[in-house]
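Here is the structure we will look at.
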Amino acid sequence: MMEADLHDDRSSQALDFKEGSLQIQADAAGDVTDVRFAGGVTNRPTSVATAITMESTGNCANMKPNKQVTDIEAKTYFSYRPGVFENAVELCKQEVLKPDLDGQVRGAWLLTEIDHWDIDHERVVLITDNSLLVIKYDFVTLKLNTKYKRIMLHLLDTVQIGDITYPEKSVMPPRCHGGVRALWNKGYEPSFGQRWNPWCTDIPWITFTHHPLLYNAKEQETITFNVNDFFESLVQAINTCFKRKSPGQLVRVHQGNIIIYSYASVTSLVFNQSHLGFARDRNGISY
């Protein structure tokens, strides 16, 4: 199985963030941020209740205003079928997880990954003791894709949360929602060739937002599709990992705009508006 182990220990000058940020130190004797995993299973197989608000206040990724996913539309997502997500997580544990490297799984989510070409993809995301696993799972054939990413938590240096935006000269329509980005670039900026290569696999960050199913009225309190819960769990996992792997080092938690460097991409517009990155039943055609 093909695997992407991402390690980047290159050092350079720090990124010049214009927004405020919070540095959290995880030394062996100090306290770490107490982010609890919310509990309370509801009567829907993939649903776990969360106490995190959906409003864009504090450290939260806001949702698209006035967007709704009806029950009929929600049922077109193969990942929404009873037991499918749980089975996907178990298969990922069997085929992808390496207990000696990753440790134990601490949380599982179904999120939207936004790649560096501004294209949305449905992803199973696992947080373990030592790593972040981002897995492409085929919810139609119920099989793992050969490509996945393993990002070691102790190499992450910044976690961002805020609104997804485009550069000033971009003509892309506003996304009008928030997201989370984890970075391990240590100030290093990708080259022009890396940024404009759609098949580049060594971009030193990864960006997530809510899964579309969170916009269904029944699922707006569901952890599984909620990038805000993922954010809090990720910060907690990094802090715990730093105490063991990199005592005395800092991880920066930054609140501000998350920039997608897309200027006039017709490809991403068509791809995202058609939801081609998600496994759905499209009037009898499944892909």
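The values are calculated or read from the model by the stated rules, or taken from the named source; none is laboratory data. Nothing here was measured: the structure is a model prediction, and the numbers come from that model. Ideal geometry is used to build each Cβ from the backbone, glycine not excepted, and the neighbour counts take in all protein chains shown. For accessibility, only protein heavy atoms count, side chains too; no ligands or nucleic acids. Shrake-Rupley method; radii C 1.70, N 1.55, O 1.52, S 1.80 Å.
If only the Cβ of Lys and Arg carry +1 and only the Cβ of Asp and Glu carry -1, the dipole of segment 105-227 around its Cα centre is close to 260 debye. In sequence order, segment 80-87 has phi-based couplings of 8, 6, x, x, 5, 5, 4, 5 Hz under the Karplus curve 6.51 cos²θ - 1.76 cosθ + 1.60, θ = phi - 60°, and Gly or Pro positions carry x. Once the 1.4 Å probe is applied to the protein heavy atoms, segment 152-232 comes out at 36 Å² accessible per residue.
Packing, as the average of other Cβ atoms within 10 Å across residues, places the peptides 269-277, 66-74, 207-215, 234-242 in the order 207-215, 234-242, 269-277, 66-74, highest first. Treating segment 213-266 as a set of equal point scatterers at the Cα positions, no solvent, please give the Debye-formula log₁₀ I(q)/I(0) at q = 0.17, 0.19, 0.25 Å⁻¹. The Debye formula, applied to the Cα set alone, gives -0.80, -0.86, -0.96. Taking every C-alpha pair closer than 8 Å and separated by at least 6 residues, the mean separation divided by the residue count of segment 102-173 gives a relative contact order of 21 percent.
Placing unit charges on the Cβ atoms of the charged side chains and taking the dipole of segment 215-283 about its Cα centre, the candidate lying farthest along the positive direction among Leu276, Gln249, Ile238 is Gln249. Taken over segment 125-220, the percentage of Cα pairs per 5 Å bin, counting from 0 up to the bin with the maximum distance, is 2, 10, 14, 20, 23, 17, 10, 3, 1. Note on segment 157-287: Cα-Cα pairs beyond 24 Å make up 41% of the total pair count.
Straight-line cross-link reach from Lys64 at under 22 Å between alpha-carbon atoms covers these lysines, not counting any fewer than eight positions away in the same chain: Lys75, Lys218. Calculate the all-directions average of the projected area of segment 57-156's alpha-carbon convex hull, and give it in nm². The number I arrive at for segment 57-156 is 8.4 nm².
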